[in-house]
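Peer 1: The following block contains the structure, expressed as structure tokens.
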Amino acid sequence: MAKVAVGHAQEGRGAQEREALSGFGARAVALLQALRGRLAATLEEEYAYRRPALWLPVAAGAGAILSLTADREPSLLAAAIVLALLSALAFVLRVRRSAFALAVVLAAVAAGFVAQGLRTWRAAAPVVTRPMTIEITGFVEQVDLRRAGARFTVRLTSAQDLDAAAMPFRVRLTTNRAPDFEAGAHIALKARLMPPSRAALPGGYDFARDAYFMRIGGVGNALGRIEALEPPEPAPLSLRLSAAVDRFRNALVQRVTERMPGDVGAIAAAMVAGKRDHLSREARELIREAGIFHIITIAGVQMTLVAGIFFVGLRRLLALSQTLALNYPIKKWAAVLAIFGAIAYDVFTGSRVGAERALVMTIVMLLAAVFDRPSVSMRNLALAVVFVVLVEPEALMGASFQLSFAAVAALVAVWEARLVAQARARAAPLGTARPGRAGEWLAWLSEARWRGLGAILFATLCATSATASFMAADFHELSPYVLIGNPLTLMIIEFFAVPAALAGSALYPLGLDGPVWLWLGLGIDIILAAARMLAALPAATVHLREFAPWALPFLSLAVLSATIWRTTLFRLTALPFLAVGLYGATQGPRWDVAIQPTGESAAVRSASGELVTIGRFSGFTAEQWLRADADGREPRFSRGDACDKLGCTARTPDGGALALVSDYTALAADCARAKIVVTPLYAPWGCKAEMVIDRKKLEETGAITLRFAEEGPIIRTARAPGEDRPWSPAPKRRPARAAAEAVDENGERAEALEAMSGLDRLD
């Protein structure tokens with residue numbers, strides 16, 4: 001009987017457990033169904049706001065980026081065919097929303113490939129393949145005056161020993177002398193030309209790619225005297241117009257720097273004319289550490305203020321006439337005239353990427369006013385993105401684009417959220433409020449973020465949060481005091497910089513601009529005082545290491561999800577993207593040795609853990625190495641002293657010897673005793689070192705980093721195996737004799753190569 005009772009009890013408990021499980025299952029199913037219903041309803045709400053369509057420019061941009069980062073040049077014809085097929089498929093599937101959406105997104109990606117392919121084709125121009133000293137002639141397109149000398153761009157009309165098929169379209173040169181020529185002049189000179197520099201680190205900034213799209217086929221120095229010549233033919237109209245603008249900009253810069261010497265004048269010149277070459281390194285470091293480097297960049301804030309001044313001023317001027325005000329759409333007239341004013345301002349300040357984005361956005365906003373549409377909206381920003389993808393897709397890879405669009409997207413999202421909050425407040429029944437003291441505080445905080453100083457701080461916080469990941473990835477540093485610096489600089493730009501730029505430019509031809517620059521100087525003094533205060537605070541700058549390559553895409557998706565979607569539920573999708581991106585930010589590659597793509601310099605981790613740079617010193621390259629390593633030292637403090645005229649030596653973290661050889665006569669000895677040999681020369685076939693990184697190797701790999709692990713050195717290269725792009729062409733196979741006759745970049749005699757044993761075995 002006892003056994004029967006126990007059995008009945010167990011059956012009862014089993015039935016209860018089954019009932020509980022079934023109840024739990026039913027609740028889980030109900031919860032999933034409710035969640036599914038909520039997602040469906042929220043998605044319908046996003047469709048009502050037309051937010052999914054805003055992801056199409058993102059998809060097109062992703063296609064352009066994928067095209068840019070491919071190892072080989074994608075086929076433009078294949079991309080166009082895929083675009084046509086996907087477009088046709090989307091048309092067929094238009095009645096099935098999910099399938100239609102997928103087809104449209106894929107078509108947008110293909111459109112990005114096509115846009116980038118067309119851009120690459122349009123920009124195609126010859127690039128010098130090796131260092132050379134030649135006589136050139138050409139039209140001066142732009143002159144950027146410096147404290148000592150100048151940097152100038154020349155559109156070539158002839159080049160010694162180079163036919164038309166091999167002659168670069170334009171070159172960028174530097175001279176240490178004060179130039180006696182201006183933009184628009186036709187000059188002749190001897191120049192030392194080199195190919196545009198490649199990335200100093202794998203995944204780092206690649207100037208060669210940017211130079212290709214700027215059609216700059218060579219960079220270098222002007223040697224000796226520069227003569228003015230009669231042009232063989234008149235300069236193109238576009239060049240004459242741009243040269244005239246550049247001459248006016250330089251004249252204005254000279255006027256500003258004369259009235260305000262030193263860094264105050266240099267900052268003023270950057271604010272007014274977009275010329276930043278007068279700024280000292282100390283001033284650059286100061287404003288960067290304070291987190292206000294954007295004050296010397298013509299971007300969205302300045303463009304918006306200029307357009308606003310033109311729009312409001314012209315509208316009020318037209319309103320002075322009662323006839324015009326009562327009978328004509330003066331608001332629309334003012335908007336159209338403001339468009340021309342914004343375009344003129346963009347041209348005058350050099351048409352940089354950030355300014356171009358801001359110009360497109362401003363034009364869209366003003367056109368919206370013309371056609372009685374909302375001016376500030378995410379759709380207008382999406383149109384600006386579409387324009388950039390179609391015209392200049394390579395800008396998507398640049399810090400200027402990323403920072404400016406992230407900031408604007410955040411500000412637009414804040415503006416839209418403010419409108420929603422105001423609409424809900426108007427729709428709420430009277431007397432509706434959160435109960436209790438806590439509810440009162442929450443209500444007050446919610447209202448304060450949309451008014452006065454609270455609105456400025458909240459908008460600054462959102463814009464800073466949106467741009468933080470890009471700042472950290474591109475510049476490897478963040479400033480924790482931007483909430484103080486940004487509102488202050490915004491005020492200075494609004495009340496000092498932009499009005500002074502417009503008034504000073506207008507009054508300069510009349511000689512009445514002096515008081516304007518004094519006014520601007522007062523604002524800059526306030527900025528510099530604030531910058532010194534912020535830079536002196538503890539942890540004013542947080543230095544960060546290089547990110548994992550996949551971190552920034554996830555961080556970008558987090559920003560996009562938080563700004564594009566309108567509903568809270570969909571905005572929460574930013575959190576997993578953010579988590580993955582932040583994890584990637586801590587998983588960046590670590591390295592012990594970095595080697596420049598020319599082989600002329602390297603960075604080696606010392607016993608103390610800091611990097612030591614050896615070889616031919618380049619401040620720009622050393623700065624990139626130090627920043628990627630979260631090292632805030634000035635590049636000059638990283639230089640090693642174990643060097644002589646033959647090369648340099650260093651001890652690697654694994655205890656081996658690294659020799660950087662700059663002279664042919666030292667190669668044999670260093671190959672015998674060093675573990676790693678690095679040289680910008682061609683190493684002999686019989687070099688006994690464990691690892692030989694010579695000119696031939698670097699032509700295949702680009703910049704190299706090494707990390708010493710127990711299983712052996714881990715190697716990363718800037719060039720992918722078999723990479724072949726117009727700005728990174730595959731190295732040509734050289735016969736042994738051609739390699740022997742090559743002249744290295746330091747101008748060493750070629751006969752020294754032939755004196756080395758085993759040279760005929762070079763491949």
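Peer 1: Just for region 611-654: of the residues that are touching a Cys at 6+ places or on another chain (Cβ under 8 Å) and within 24 Å of residue 281 (Cβ to Cβ), which one is surrounded by the fewest Cβ atoms within 10 Å (Cβ to Cβ)?
Peer 2: 640
Peer 1: Now for a different question. For region 698-713, which residues satisfy the criterion of being free of Cβ contacts under 8 Å to residues at least 12 places away in the same chain and not small (Gly, Ala, Ser)?
Peer 2: 710, 711
Peer 1: What are the pairs with Cβ atoms under 8 angstrom where one residue, in region 471-495, is farther than 11 Å from residue 292 by Cα and the other, located anywhere, is of a type in the set (Asp, Glu)? Sequence gap at least six, or different chains.
Peer 2: 471/477; 476/546
Peer 1: Would region 682-691 turn up any residue that is within 18 Å of residue 604 (Cβ to Cβ) and within 36 Å of the chain's Cα centre (by Cα)?
Peer 2: yes
Peer 1: Taking residue 206 as meeting all but one of (1) surrounded by fewer than 19 Cβ atoms within 10 Å (Cβ to Cβ); (2) within 28 Å of residue 726 (Cα to Cα); (3) acidic (Asp, Glu); (4) touching a residue at least 60 places away in the same chain (Cβ under 8 Å), write down the number of the exception.
Peer 2: All conditions pass for residue 206, except number (1).
Peer 1: Regarding residue 704, is this residue within 30 Å of residue 470 (Cβ to Cβ), modelled with pLDDT of 90 or more and in the same structural domain as residue 612 (by TED's automatic domain parsing)?
Peer 2: So residue 704 passes the test.
Peer 1: Please state which one of 396, 411, 403, 383 is touching a His at 6+ places or on another chain (Cβ under 9 Å) and at pLDDT 80 or above.
Peer 2: Every option except 403 fails the conditions.
Peer 1: Right, next: What number of residues within region 317-340 satisfy the criterion of being surrounded by 12 or more Cβ atoms within 10 Å (Cβ to Cβ), free of Cβ contacts under 8 Å to residues at least 12 places away in the same chain and over 16 Å from residue 369 (Cα atoms)?
Peer 2: Qualifying residue count for the region: 5.
Peer 1: Just one of 382, 413 is of a type in the set (Gly, Ala, Ser) and in contact with a Ser or Thr (Cβ under 6 Å, 6 or more places away or on another chain); which is it?
Peer 2: Checking each option against the conditions leaves just 413.
Peer 1: Please state which of the following conditions residue 248 fails to meet, knowing it meets all the rest: (1) buried (at least 20 other Cβ atoms within 10 Å of the Cβ); (2) touching a Phe, Trp or Tyr at 6+ places or on another chain (Cβ under 9 Å).
Peer 2: Unmet condition: (1).
Peer 1: Restricting region 358-395 to residues that are touching a residue at least 12 places away in the same chain (Cβ under 8 Å) and not in a helix (DSSP H, G or I), which is nearest to the chain's Cα centre (by Cα)?
Peer 2: The residue in question is 392.
Peer 1: Looking at (1) surrounded by fewer than 20 Cβ atoms within 10 Å (Cβ to Cβ); (2) touching an Asp or Glu at 6+ places or on another chain (Cβ under 9 Å), can you tell me which one residue 524 breaks?
Peer 2: Residue 524 satisfies every listed condition except (1).
Peer 1: Which of the following residues is surrounded by fewer than 23 Cβ atoms within 10 Å (Cβ to Cβ), small (Gly, Ala, Ser) and in contact with a helix residue (DSSP H, G or I) (Cβ under 7 Å, 6 or more places away or on another chain): 709, 659, 689, 672?
Peer 2: That would be 689, the only listed residue that is surrounded by fewer than 23 Cβ atoms within 10 Å (Cβ to Cβ), small (Gly, Ala, Ser) and in contact with a helix residue (DSSP H, G or I) (Cβ under 7 Å, 6 or more places away or on another chain).
Peer 1: May I pose another question? Filter region 461-504 down to residues that are closer than 20 Å to residue 410 by Cα, in a helix (DSSP H, G or I) and modelled with pLDDT of 75 or more, then give me how many there are.
Peer 2: Number satisfying all stated conditions: 14.
This table checks each residue for (1) closer than 19 Å to residue 180 by Cα; (2) of a type in the set (S, T, N, Q); (3) assigned to a helix (DSSP H, G or I).
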{"residue": "211", "(1), (2), (3)": "no, no, yes"}
{"residue": "218", "(1), (2), (3)": "no, no, no"}
{"residue": "223", "(1), (2), (3)": "yes, no, no"}
{"residue": "226", "(1), (2), (3)": "yes, no, no"}
{"residue": "234", "(1), (2), (3)": "no, no, no"}
{"residue": "238", "(1), (2), (3)": "no, yes, yes"}
{"residue": "241", "(1), (2), (3)": "no, no, yes"}
{"residue": "245", "(1), (2), (3)": "yes, no, yes"}
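Peer 1: State which residue pairs qualify: first residue over 20 Å from residue 56 (Cα atoms) and inside region 556-578, second residue aliphatic (A, V, I, L, M) in any location, beta carbons under 6 Å apart, and separation of 6 or more residues or different chains.
Peer 2: What qualifies is 578/558.
Peer 1: Take region 603-616 and flag every residue that is under 13 Å from residue 641 (Cα atoms) and out of contact with any helix residue (DSSP H, G or I) (no Cβ under 8 Å at 6 or more places or on another chain).
Peer 2: 604, 606, 614, 615, 616, listed by residue number.
Peer 1: Same structure, new question: Provide a single number: the residues in region 159-178 that are touching a residue at least 40 places away in the same chain (Cβ under 8 Å) and either assigned to a strand (DSSP E or B) or buried (at least 19 other Cβ atoms within 10 Å of the Cβ) (or both).
Peer 2: 8
The values are calculated or read from the model by the stated rules, or taken from the named source; none is laboratory data. For clarity, every value in this text was computed on a predicted model and none was experimentally measured. With ideal geometry, Cβ positions are generated from the backbone for all residues, glycine too; neighbour counts draw on all protein chains shown.
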